Amino acid sequence: MLCDEPVSALDVSIQAQILNLFKDLQEEFGLTYLFIAHDLAVIEYISTRVAVMYLGIIAELSGSIDLYKNPLHPYTQALLSAAPIPDPKVEKERKRIILTGDVPSPDKERHCCYFYDRCWKRMDKCLERKPALVEVETGHEVACFLYHDKGVETVKNA
Ligand code: SF4
């Protein structure tokens, strides 16, 4: 079932009820959801596997627990660093990664890494071609040249 931002317009208490309903229906009928959302807490709660996308390209693909514990792609790291943590002690020490630069137009064909303009870890080779998705750990794939010597190429990012 394709669910495109199904809870984004709801307040938090209704969100929780709807998410629990999704889970109950999944258990009862053995459903699979393709769940599209921007809220990182919602994604963590509902997903078993997560694809992080930037400009329509998969930047990272992983099991949910692994992704939240060990984000690899600089974009995923920046996204997760921006998410509030519901523990005042940990939240106080949270270091936020602030991205600079503008998001490039998604309809412009690019021959380099799509995240190049905003990446604080970029290298010369990131300008030369697009990084393919490589499997760095079992079930954890990332499209970034920082990991290309550590993984097996799975899919070419077009
Ligand atoms: S390939 Fe390069 S520019 Fe792209 S995310 Fe990785 S380090 Fe950054």
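The values are calculated or read from the model by the stated rules, or taken from the named source; none is laboratory data. Computed from a predicted model, the values in this text were never measured in an experiment. Virtual Cβ from ideal backbone geometry, glycine too; neighbours counted across all protein chains shown. When the accessible area is computed, the model is the full protein with side chains, heavy atoms only, and any ligands, DNA or RNA have been set aside. Shrake-Rupley method; radii C 1.70, N 1.55, O 1.52, S 1.80 Å.
Among the residues that make up segment 47-66, is at least one of them more than 10 Å from the chain's Cα centre (by Cα) and over 30 Å from residue 100 (Cα atoms)? The answer is yes, given that some residue of segment 47-66 is more than 10 Å from the chain's Cα centre (by Cα) and over 30 Å from residue 100 (Cα atoms). Identify the residue in segment 113-122 that is open to solvent by less than 50 Å² (accessible area, probe 1.4 Å) and assigned to a loop (DSSP other than H, G, I, E, B) and, among all such residues, is farthest from the ligand (Cβ to nearest atom). This residue is 114. Just one of the listed residues (108, 125) is over 19 Å from the mean Cα position of the chain (by Cα) and outside any loop (DSSP other than H, G, I, E, B), and it is 125. For residue 100, the stated conditions do not hold, so it cannot be described as open to solvent by 70 Å² or more (accessible area, probe 1.4 Å), of a type in the set (Val, Ile, Thr) and more than 16 Å from the ligand (Cβ to nearest atom). Only a single criterion out of (1) within 16 Å of the chain's Cα centre (by Cα); (2) of a type outside the set (S, T, N, Q); (3) within 26 Å of residue 132 (Cα to Cα) is not satisfied by residue 4, namely (3).
Matching residues to (1) loosely packed, with under 13 Cβ neighbours inside 10 Å; (2) in contact (Cβ under 8 Å) with a residue 60 or more places away in the chain; (3) hydroxyl-bearing (Ser, Thr, Tyr):
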site	(1), (2), (3)
72	no, yes, no
83	no, no, no
87	yes, no, no
105	yes, no, yes
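If residue 63 satisfies every condition in (1) touching a Lys or Arg at 6+ places or on another chain (Cβ under 7 Å); (2) not assigned by TED's automatic domain parsing to the domain that holds residue 126 but one, which is the exception? Residue 63 satisfies every listed condition except (2). Filtered by the rule that a residue be of a type in the set (A, V, I, L, M) and open to solvent by 20 Å² or more (accessible area, probe 1.4 Å), segment 123-141 gives 123, 127, 136.
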